[in-house]
1. What ranking do 858-869, 247-258 get when scored by the average of other Cβ atoms within 10 Å per residue, highest first?
2. With every protein chain present, what is the per residue accessible area of the stretch 674-718 (1.4 Å probe, Å²)?
3. Taking a cut-off of 18 Å, what percent of all Cα-Cα pairs in the stretch 135-259 are separated by more than that?
4. Assuming R0 = 35 Å, what is the FRET efficiency of Trp394 and Leu49, from their Cβ-Cβ distance, to the nearest 0.05?
5. Any idea what the dipole of the stretch 578-698 comes to, in debye rounded to 20, about its Cα centre with Lys/Arg Cβ at +1 and Asp/Glu Cβ at -1?
6. Rounded to two decimal places and with Rh computed the Kirkwood way over Cα pairs, what is Rg over Rh for the stretch 498-600?
7. So what's the chain giving for Rg/Rh, alpha carbon basis, Kirkwood Rh from the mean inverse pair distance?
8. Taking only protein heavy atoms and a 1.4 Å probe, what accessible area per residue, in Å², does the stretch 423-532 have with all protein chains in place?
Amino acid sequence: MMQLPPKYNHIETEKKWYSFWMENNLFKSLPNEKEPFTIVIPPPNVTGLLHMGHMLNNTLQDILVRRARMLGKNACWVPGTDHASIATEAKVVENLKKKGINKSDISRDEFLKHAWDWTEKYGGGILEQLKKLGCSCDWDRTKFTLDDDMYESVIVAFEKLHDKDLIYRGYRMINWDPEAKTTVSDEEVNYIEEDSSLFYLKYVIENSNKELEVATTRPETIFGDTALCVNPKDERYKGFIGKYAIVPICGRKIPIIADSYVDLEFGTGCLKVTPAHDINDYNLGIKHNLDTIDIFDENASLNINGLHYEGKDRFLVRKEIEVELKAKNLLVKKENYIHNVGRSERTNSVVEPRLSKQWFLKMDDITKPAIENVLENENVKFFPSKFKSTYKYWLENIKDWNISRQLSWGHQIPVFYYGHNGDYIVAKNKKEALIKLNTKSETIYSEDDLSQDNDVLDTWFSSWLWPISVFDGIRNPDNKEINYYYPTQDLVTGPDIIFFWVARMIISGYEFRDEKPFSNVYFTGIVRDKLRRKMSKQLGNSPDAIKLIEEYGADSVRVGLMLSSAAGNDLLFDESLCQQGKNFTNKLWNASRLVNGWEIDVNKSQPKVNELGLEWYNNKFNYTLELINKNFDNYRISDVLMSSYRLIWDDFCSWLLEIIKPDYGEQIDLKSKTELIKLFEKNLKVLHPFMPFLTEEIFHNLPDINAINPLTTSSWPKLESYKQNTVDDFEITKEIISQIRNYRKEKNISFKTSLDLYYLPNKSTLGNIEIIKKIASIDILKESSKTDFEMVNSFLIKNFEFFIPLEEGFDKGAEIEKLKKELDYNDSFLKSVQNKLKNENFINNAPNTIVNKEKQKIIDTEQKIKSLKKSISDLS
């Protein structure tokens, strides 16, 4: 053991211990006889960088994994990254443009080469950043969703689902992202309330001078109109049903139809029907057998059907067509209008409803086990449980999943077309497809007769297999690893991907293995700044995660994150929390230096005050450990840290160390030092999952500790029985000492000046007298009567009445006046709290913890009032 330096150097410590853990394979896991504890990392984008959301999520996972390892379980945390089709392809396309290369000018294979080059150059950096955070993943297991084995797993899953007639190809209305040039699912569309305009257009009735007014937010889509529709109950339009109207500008005639779908109150009550570019219009078109005219290309520019606007962007056409409609007296008026606009989550582009042939996965039947095992029998538990309602709503309103994307980067759909009628065969590759085809067909085909579908699968189609595929459970469903590690134990993720990922993993778990993928889902909150704004690059309010680690240290940042992170609640992050974490780090460091510096006198017997202090703390530790274990079981991770924080900062550092600290120039007895080190070691163990680097460093510098075995793989403290009355009695001791300290402060009495403290005879026994005398610098502490003294200052604590004799020259009048003012304040405060608790809205809506705090305020204030009245009475 070396003398610890005055300041903790987190940079050197973090580098030293992470290298040690890695070199000794302390995070490595292989199937064995132990109980497994498995977590799979939510795979971040392969080219992404660490942000505050990642920091929170992975800190939580590491806390759970490190504690499981200390509990003696075979902890396996699988890391990996996601290929992120849309995001990565967009970056590659942008990079190619800078080089003067358009994606459309090169082959698929050439583009994929560029994409792989990009991924190898910029990918994987986030995993290295997670190491700086202290994440104890089994890095030998690192997976990438486009690794050969992972790729094949996705293809095999597609084959199996297709063989069960769960995958089909259909011509449907989809959400088209014109910037990414691909479909996006309903869940990937964010509806944002935006300012817009409502245009009132004239549609002239054929062979008549009459006209109908139609309100629309999208005048540029008139080129796709194939009908006008009114409600059959609308008396205004009954005479028009069955007639024809002329579409403005293009002059094409369209029928006027009736359908109860039309809202009589919206706009004019007359609706333009554009089946190719609105899902509701599309459904009307099918019902009434209307034509479908597609007016947009993949860029959302108008095509040949847009006449003289061909090739122009939709929003530019909206501006220009307004001018033309005005000039032709076809625009009645224009009003400001606020409505929800669908934007792609990936690119923020306004999505365009578009008819397209896509691949879909039938969801009705395969979702039933996911509903049953979460909502009915809770085989999968949600923390907090409030997210079950969100999960329930989505699954009960689920639509078939559009699994195809018009991209090149990803898992190419394993469908091979042949002939001229759209016939196809599903196979892992062209060679296998040819064998399958020629086995069942009378015609002999060659590889040249086959062409693979150009689309790739939705990124989430690989992610939903993640807990299975990382253990090769799709390709080899009975292998040793999948049978040992699956189902996994905990999933830590954000509620924003409960649809995209969590629900789908549960669905796939039961579909492919007839088993849940995990037992518990811990939902983190969204990281926001102190103004409650979501952190983003655009707002510039997201701190550089690595810079925070460099400045404050990984442990301090981890503590800062957890101090403000209750499960499912948004985290209001402020950099001052990292400073609070750093202060805690320094407190622990200084405590270890203090303890290490106490020299031992082997001949000295243990003082009674030390015996009492150590006995109390041992009981307090086990009392707190029981609470910590319960909170871990309920995934109240932030509460675990707060309990540990208070235990070590307040009880250990501020109380226990002060109690047993030798007087200046004195040495400590061997028994006290030995017991203290054991308690310090237990402290380090409960803190280790939160602060792995600091605790490992201090642990190896504690005297008389076997430093050969690392703290990382040591055993979690075993809960021992404790005496509740010992814990409770010391709370009284704290109050007594605090009252005396306040008295000294009010009277400006130095701590070096000893005081005498008396208490009235009581049936209860006052404990910890030696501690009170030492910590409060009390000379005499015993029972007595007030009549023995002319004037006293008294105070009440529980059922004890204490008093301190007052010196001659004491200004009794001024003291009584001061006490009366304090009494008035406490009377007013008590009434305000009582009124709050009479408020039914507060009682019904406030969390129980808040209500209980207010009730405790009443108890404490009533005790204070009683004590003040007693002091005034004694002085009067």
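1. Details: 858-869: 15.7, 247-258: 17.7.
In decreasing order of mean packing, 858-869, 247-258 become 247-258, 858-869.
2. Details: 1390 Å² over 45 residues.
Computed with neighbouring chains in place, this is 31 Å² per residue.
3. Numbers: 5714 of 7750 pairs.
When every Cα pair of the stretch 135-259 is considered, 74 percent fall beyond 18 Å.
4. Working: r = 30 Å, r/R0 = 0.86.
Result of the calculation: an efficiency of 0.70.
5. On the way: 15 positive and 17 negative charges, 52 e Å.
It works out to roughly 240 debye.
6. Numbers: Rg = 19.8 Å, Rh = 16.7 Å.
Rg divided by Rh gives 1.18.
7. 1.09
8. Per-residue value: 40 Å².
The values are calculated or read from the model by the stated rules, or taken from the named source; none is laboratory data. Please read these numbers as outputs of a predicted model, since none were measured by experiment. As a convention, Cβ positions derive from the backbone with ideal geometry for all residues, glycine included, and neighbour counts pool all protein chains shown. Surface areas here come from the heavy atoms of the whole protein model, side chains and all, with no ligands, DNA or RNA. Shrake-Rupley method; radii C 1.70, N 1.55, O 1.52, S 1.80 Å.
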